[in-house]
2 protein chains.
Amino acid sequence: MELALAEARAAALRGEVPVGAVVTDPRGLVLARAGNEVEARQDPSAHAEILALREAAARRRHKWLADCTLTVTLEPCPMCAQAASLFRVKRVAFGAYDPKGGGVEHGARIYAASSCHHAPEVVGGLRETECALLLRDFFAERR
Amino acid sequence: MELALAEARAAALRGEVPVGAVVTDPRGLVLARAGNEVEARQDPSAHAEILALREAAARRRHKWLADCTLTVTLEPCPMCAQAASLFRVKRVAFGAYDPKGGGVEHGARIYAASSCHHAPEVVGGLRETECALLLRDFFAERR
């Protein structure tokens, strides 16, 4: 989560909503790390999670990341939650809960839906306060 | 839908699950067209819809496609349904319904969830038989 937080902080400095994600293998080796790049790329699918998952699979030269963990500073949205399922990650660990836009513990609850054929283990609330504060500060500054 | 079907057929010839997608502007101009590229890229996020949305936004040099229609041969999965919402497309038109993996009319029902902040208009069942047959033939051949 330390690396994901660093990616989130770097994203904030670029004017992006501060979310960071890391994909690690079972030994804890970092396969990919990314921050949100929606504004820079003008691509709403360029969430940190999608970028990190795609990079990790490219590095592995395989579409599945069945033994990997996706660690992200914010509860993934439904797009990213479903992507983690499609990449078959073993575990999704996230920091802040997102009652408005999250799709794991809130809203679409992707992994509980019948459209989900692989549900990763989920751990929420890791370093929650730090992760949430980063977002709160970012939006407070913009208002 | 004719173009989306052509993209789906081309995908099948490449050994990809035959799904095709097209993004059009209000005048009917094609901004982007794509077929599924999951196998070629070894990237489970390379669904036809994501590729077409990303290309259309790149062509527009703007992250929102607020006046556009996404036409796709199969009911989008939750990842793609949420992506269409994040790109703020006006309308999602699809061919075959997907009771097992679809996320619009089935499963996670993305646009009805509280995590959805922009719900496109939805039209399902366009040239449904042709779209479904393409998928059925593809999977029948593989069995």
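Summarising the label geometry, the points placed 7 Å from Cα in the beta-carbon direction at A:Arg9 and A:Lys90 lie 2.9 nm from one another.
Please figure out what share of the DSSP beta bridges in chain B is antiparallel and state it in percent, rounded to the nearest 5.
55 percent
Within region A:1-134, the proportion of C-alpha pairs whose separation exceeds 21 Å stands at 32%. Relative to the longest principal axis of the C-alpha atoms of chain B, give the angle of the C-alpha long axis of helix B:2-13, reported between 0 and 90° and rounded to the nearest 10°. Helix B:2-13 sits roughly 40 degrees off the main axis of chain B. Computed from backbone phi, the HN-Hα couplings of region B:81-87 come to 4, 5, 4, 4, 5, 5, 7 Hz, rounded to whole numbers (Karplus: 6.51 cos²θ - 1.76 cosθ + 1.60, θ = phi - 60°; Gly and Pro given as x). In region A:19-99, the DSSP beta bridges split such that about 65 percent are antiparallel, to the nearest 5.
In sequence order, region B:96-102 has phi-based couplings of 6, 7, 10, x, 7, x, x Hz under the Karplus curve 6.51 cos²θ - 1.76 cosθ + 1.60, θ = phi - 60°, and Gly or Pro positions carry x. Counting from the shortest, the label point at A:Ala58, 7 Å from Cα toward Cβ, is 1.2 nm from the same position in each remaining copy. Under a 5 Å amide H cut-off, with hydrogens placed 1.01 Å from N, A:Ala93 pairs with A:Leu70, A:Thr71, A:Val72, A:Val123 among residues at least 5 apart or on other chains. Across identical copies of the chain, B:Arg142 has label-point separations of 3.9 nm, listed in ascending order, with the point defined 7 angstrom from Cα along Cα→Cβ. Averaged over peptide A:84-91, the number of partner chain Cβ atoms lying within 10 Å of each residue's Cβ comes to 3. Anyone know which of B:Arg33, B:Arg109, B:Arg91 comes out most mobile in the 10 Å Cα GNM of chain B? Highest fluctuation of the listed residues: B:Arg109. Based on the Cβ-Cβ distance of B:Ala66 and A:Arg27, what FRET efficiency does E = 1/(1 + (r/R0)^6) give at R0 = 51 Å, to the nearest 0.05? E(calc), rounded to 0.05, equals 0.65. Residue by residue along B:96-104, Cβ atoms of other protein chains within 10 Å of the local Cβ number 3 on average. For a straight C-alpha distance cut-off of 17 angstrom, the aspartates and glutamates reachable from B:Lys63 (same-chain residues fewer than eight places away being disregarded) are A:Glu16, A:Glu37, A:Glu39, A:Asp43, B:Asp25, B:Glu49, B:Glu55.
Which of rounded, prolate, oblate describes region A:61-124, given a ≥ b ≥ c as roots of the alpha-carbon gyration tensor eigenvalues and a/c under 1.5 marking rounded, otherwise prolate only if a/b is larger than b/c? In terms of gyration-tensor shape, oblate. Judged by the ratio a/c of the largest to the smallest principal axis of the C-alpha gyration tensor, the protein assembly as shown counts as prolate, that ratio being 1.5 or greater while a/b is larger than b/c.
On C-alpha positions alone, give me the angle between the axis of helix B:48-60 and the longest principal axis of chain B, in degrees, nearest 10. Rounded to the nearest ten degrees, it is 40. Suppose we keep just the DSSP beta bridges with both residues in the protein assembly as shown; what percent of those would be antiparallel, to 5? Once the DSSP bridges in the protein assembly as shown are tallied, antiparallel ones form about 55 percent. Full extension of the segment from B:Arg136 to B:Ala119, taken as 0.36 nm per residue of separation minus the current Cα-Cα distance, would add 3.2 nm.
Using a 7 Å projection from Cα along Cα-to-Cβ, the label point at B:Lys90 is separated from the same position in the remaining copies by 4.8 nm, smallest value first.
FYI, it's all coordinate maths here, none of it is from the lab. Everything quoted here is computed from the prediction, not taken from an experiment. Ideal geometry is used to build each Cβ from the backbone, glycine not excepted, and the neighbour counts take in all protein chains shown.
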